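Below is one structure, written out as structure tokens; comments come after it.
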Amino acid sequence: RGYRAFAVHMAVATRVLFVVAAVFSLAGFALGAGDPVDSSNFHASVLASDDAWIVEFQSPRCGSCQEMAPVWGEFVERNKRYVRFGRVNIDTDEGMELARSSGVIEHGIPSIWAWDKRGSAEPTKIWADFETTTVQHLESLVWSKYAKREEGLPLAKLDAGVVA
């Protein structure tokens, strides 16, 4: 009787843990802010855009990415009137392809990159770390490199080769 009760309890516990893990995984992905970007839409969405883009590379299965999700979400919400935002899920084939082809994956995840030169496929690293940062720190990193435009006007891409 003892073994049978133990086996039943373990089976129930396993199912509960599976459901909890699935819920947390989906909740973390839902926290991701910005337009979904991957290799299938990158050129049309980001490179062909007149707007500068700031893109987070993340994975719903990454603990550091989950910790970073609320910070990223607030950062996007506070700054979406100045710049376009995207997110790349590297757990998909298209997301990993974009991370590899742009050289981002070498810096780890979560990481945040800017595409700020018209026609340039080379991103500028804004932040990449395993330790969660703050919204204020991200804003200082971005706005020390770029001047904010009037509220409501997007941050336009610089012409390639022009240093501001």
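Some observations on this one:
- One decimal place: the segment Ser101-Trp143 gains 12.5 nm when fully extended, by the rule 0.36 nm per residue minus the C-alpha distance.
- Surface accessible to a 1.4 Å probe, His137 within the full protein complex, Å²: 80
- For the range 54-87, applying the loop criterion from DSSP together with a ceiling of 14 other beta carbons within 10 Å to the trypsin sites (Lys or Arg not before Pro) yields Arg61, Lys80, Arg81.
The values are calculated or read from the model by the stated rules, or taken from the named source; none is laboratory data. None of the values given here were measured: they were computed from a predicted structure. Here the Cβ is made from the backbone with ideal geometry for all residues, glycine too, and neighbour counts use every protein chain on show. Each accessible area value is taken on the protein alone, full model and side chains, heavy atoms only, with ligands, DNA and RNA left out. Shrake-Rupley method; radii C 1.70, N 1.55, O 1.52, S 1.80 Å.
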